[in-house]
Every structure is written in structure tokens, then in C-alpha cells.
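Values quoted throughout were computed directly from the atomic coordinates according to the rules given, and no laboratory measurement underlies them. Since the model is a prediction, treat every value here as computed from it, not as a measurement. Backbone-built Cβ (ideal geometry, glycine too); neighbour counts: all protein chains shown.
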Amino acid sequence: MTGPYARVMLKLSGEVFGGGSVGVDPIVVHGVATQIAEVVKAGTQVAVVVGGGNFFRGAELQQGGMDRDRADYMGMLGTVMNCLALQDFLEKEGVQTRVQTAIAMGQIAEPYIPRRAERHLEKGRVVIFGAGSGMPYFSTDTVAAQRALEVGADVLLMGKQGVDGVYSADPKRDPSAVKFDELTYDDFLLKDLKVADATAISMARDNKLAMVFFGLDNPGSIVAVVSGEKIGTTVHA
Ligand code: UDP
């Protein structure tokens, strides 16, 4: 272990995998995998929850006329493709991995078994959690908070594409948006900031789970945040 954390939960939004487009950008995933490999080899245990917004978001498909539940299942299946891409590039870096999914798909992944996930982490394997919670109406942010708590991660690191922390407004749309270096959970909720969903933040608050929001556009950012460097936005009590 090199930094302040023995075990981290890394949430990678789907946008990261697509490099801003639909599908998976192998160059971007390779870059993320290289950094995760570096921190794992240095002794930090890493679990990952993967989003799926680069394929489908249930709420958007619902706007197009689909039934929300079925659209959400499509969203969850999309996350699994990202898991397999990350698994592939991590193994090419010589890191052992396991994918665990909340929807059973035995040919490609283990089912979600938290105690087994912890054993994998202890052995230095990266555990990649896919298919969200297996339940519609949830987000992968909330799953990241729940899995972080269940496997005993010291911190939840929220990796974002195109933004390097939490801002007062969307910096892509509002040039007057200000970045917060630190924020309390309550402020986050009161300001109704959209960078993560409120369920995830309130779960973190109620269970005193530390969170850091950071950008993935800088090639060294995962290594930096895992080693405790003050980047992005820290959310605390
Ligand atoms: N989803 C779901 N239940 C979950 C997690 C995800 O129904 O527990 C669906 C939901 O439709 C969501 C989609 O999967 O829009 C992709 O997940 P998310 O939007 O959280 O991905 P991200 O924004 O991180 O890319």
C-alpha cells in the first residue's frame, strides 16, 4: 500500500469508456487499465463499479417511449460490456481480475457474492462489479456507494469524464460555474448538484463513507487520487 487507502472503490461512469461517444474506446480503456494496474501493483486493493451511460440510460429510453423497467435492464446490460472491456485491458497489464454481476450471466461473470469479492481483493485481484444493483430505478452511483460499504472500501473515488470535480453548475454550460475543493454531504444535497445522484450521497453521509470526485482526462489522475493527492472535490461530513 502506497497511499492512505488500503482498499478503494473506483466508480467509472460509462462516459469514460466511450471517451464521450457511444460504445467503447479501447485507447481510453487501456489508459484507465494501465493506471489501475499501477496502483494494484503498488499494493492498493481496487474494486470498480462500472456505469453504462455510453450505451443506454433507462430514463432517456423512457423519454423515447420505452417502459422504464425494461429500459433500465438494458442500461444494466450495457454496464457489463464495459466490465468486459476493462477486464480485458487489466489482464493484458498482468493484473488478475474477476467480474461479478448483479444479474446472473455465468459464462462471463461470477454472481455478486460480497464475501468472495473481499477474498479476491485480499489476493490482489481487481473486482469489477457490473449490472448495477440488478434492480431498475437505481443508478450505478448508488451501487458504488453500497458496494463500497459492503466490501469495506476506505473511500469511494468517483471518476468522471470531461469534468475534474464538483462544480456549482455544469461547467460545460455555465462559464460562471465554480469548482468546490471540499463539500459536506449536506451541502451537496442542499445545492441539488447533479454530478451524482442524491441516493448515493445520502447513503455515503449516513454511513460516513468518504468520497472524492475527480476527472479522468488527466492521464495520471487515478494514481494521484489513490495516493491521496488533493485533486478534485472531497465530500465529507
Ligand atoms: N441501472 C439500473 N439499476 C442500477 C444501475 C443502473 O436500472 O442499479 C440502469 C439505469 O437505466 C441507468 C443505466 O443502467 O441509466 C446506466 O447506469 P448509469 O446511468 O448509472 O451509468 P453512468 O451514468 O455511470 O454511465
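A few notes on this one:
- Between A117, A198, A42, the GNM of the chain built on Cα springs shorter than 10 angstrom shows A42 fluctuating the most.
- Cα gyration tensor, the chain - rounded (a/c under 1.5), prolate or oblate: rounded
- Long-range HN-HN contacts of L10 with modeled amide H, under 5 Å: A47, V48, V49, L157
- Among A177, A204, A71, the largest mean-square fluctuation in a Gaussian network model of the chain, built with springs joining Cα atoms closer than 10 Å, belongs to A177.
- The phi torsions of the range 110-115, fed into the Karplus equation with coefficients 6.51, -1.76 and 1.60 and a -60° offset, translate into couplings of 6, x, 5, 10, x, 5 Hz, rounded to whole numbers, with Gly and Pro shown as x.
- Loop-located chymotrypsin sites (Phe, Trp or Tyr not before Pro) across the range 79-150 with a Cβ neighbour count of 12 or fewer within 10 Å are Y137, with loop assigned by DSSP.
- The Rg/Rh ratio for the range 3-74 is 1.12, where Rg is the radius of gyration of the alpha carbons and Rh is the Kirkwood radius.
- Residue-wise HN-Hα couplings along the range 174-189, as the Karplus relation 6.51 cos²θ - 1.76 cosθ + 1.60 with θ = phi - 60° gives them from phi, are 10, x, 8, 4, 10, 7, 9, 7, 9, 7, 8, 4, 5, 4, 4, 6 Hz; Gly and Pro carry x.
- Antiparallel content of DSSP bridges confined to the chain, in %, to 5: 15 percent
- Dimensionless Rg ratio for the range 70-189, taking C-alpha atoms and the 2.2 N^0.38 Å reference: 1.22
- Cα-Cα over 25 Å, subset of K11/K92; K92/K230; K172/K230; K123/K230; K41/K172: K92/K230; K123/K230; K41/K172
- Of the residues K160, K179, K123, the one that moves most in a GNM of the chain with alpha-carbon contacts below 10 Å is K123.
- Protection proxy ranking, peptides 33-40, 229-236, average beta carbon neighbours within 10 Å, highest first: 33-40, 229-236
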